[in-house]
Amino acid sequence: MSPSEVVLLLAAIVLTALLVADWLRRYQQKQAVAVCYRLVQNAPGKVEFLLVRTSNGKRWVFPKGRIARGESAAEAAAREAREEAGIEGCVAGRLPKAANADATFAPYLLEVDTNAKLSKAERESEWFTLSAAEEALRKGRTKKEAKPWLRILSVAALRLNAK
């Protein structure tokens with residue numbers, strides 16, 4: 001292979017890598033996240049967060065999923081809470097975006113009535129205190145994998161003045 005052919009080959013490799021990186025940036029999956037919370041009765045400032053099992057059942061996560069065409073991210077978050085956790089709530093605000101290697105997350109606070117009952121759901125769900133939710137979101141994940149979920153939880157807790 002001649003030096004000019006090597007240069008052309010290297011240029012093609014670099015161009016391909018740049019195109020792939022651009023494609024990943026543009027078409028990274030966008031998901032709505034429902035940060036479901038409820039105020040604990042007779043405990044001022046105490047908040048619980050609802051988590052669901054991941055599809056493989058090994059870890060805990062907030063209800064989340066793709067945003068359907070024609071659907072707002074807030075509507076998608078409420079739908080995901082209904083489908084995955086069997087819970088209804090009112091969207092109470094948007095949280096800052098978060099991301100991991102696979103997706104960009106649009107998290108929304110979803111206030112759930114303290115007495116709300118869980119209806120039939122796609123996944124196992126459970127209410128957690130703030131500290132227990134932090135622990136559950138860390139379990140089975142590397143620090144890097146847990147980072148977006150812990151960021152979403154901490155921002156939600158700050159917004160809600162949760163204890």
Requested in this report: Run the quick spin-label model on R66 and S2: label points 7 Å from Cα toward the beta carbon, then report their separation in nm to one decimal.
Outcome: 4.8 nm
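Counting Lys and Arg as +1 and Asp and Glu as -1, what is the net charge of the other residues whose Cβ lies under 10 Å from the Cβ of K30?
On the way: positive: R66, K97; negative: none.
Surrounding charge for K30 is +2.
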Query raised in the report: Between E124 and L39, what length in nm is gained on full extension when 0.36 nm per residue of separation is reduced by their alpha carbon distance?
Result: 28.5 nm
**Report entry** Residue of A146, A78, A17 that the Gaussian network model of the chain assigns the largest fluctuation, springs spanning Cα pairs under 10 Å
**Finding:** A17
Query raised in the report: What are the semi-axes of the equivalent ellipsoid for region 84-163, taken as the square roots of 5 times the Cα gyration tensor eigenvalues, largest first, in whole Å?
Result: 21, 16, 14
Report summary line: Ranked from fewest to most other Cβ atoms within 10 Å of their own Cβ, V47, V35, V7 fall in the order V7, V47, V35
Query raised in the report: If each Cα of the chain is one equal point scatterer, what is log10 of I(q)/I(0) from the Debye formula at q = 0.12, 0.13, 0.17, 0.18 Å⁻¹?
Result: -0.55, -0.62, -0.97, -1.07
**Report entry** Pairwise centroid distance, computed over Cα atoms, of region 125-163 with region 38-66, Å
**Finding:** 9 Å
Query raised in the report: Which helices pass in the chain if a helix is a full DSSP H run, must span at least 20 angstrom along its long axis by Cα, and must have mean Kyte-Doolittle hydropathy not below 0.0?
Result: 3-27, 143-160
Query raised in the report: Where nothing but the Cβ of Lys and Arg (+1) and of Asp and Glu (-1) is charged, how large is the charge dipole of region 29-160 around its Cα centre, in debye to the nearest 20?
Result: 520 debye
Query - Sorted by Cβ density within 10 Å, fewest first, the residues D102, D113 - result: D102, D113
Query - Mean residue ellipticity (222 nm) of the chain, computed from DSSP H runs ≥ 4 via -39,500 (n - 2.57), nearest 500 - result: -12000 deg cm²/dmol
Query raised in the report: So which of K46/K97; K64/K143; K97/K144; K30/K139; K46/K144; K30/K64 end up more than 18 Å apart by C-alpha?
Result: K46/K97; K64/K143; K30/K139; K46/K144
Report task. Kindly put K139, K30 in sequence by how many other C-beta atoms sit within 10 Å of each C-beta, fewest to most. Result -> K139, K30
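None of the figures in this text is laboratory data; all of them are computed from the coordinates on show. Not measured: the values here are computed from a predicted model. Note that each Cβ is placed from the backbone with ideal geometry, even for glycine, and that neighbours are counted across all protein chains shown.
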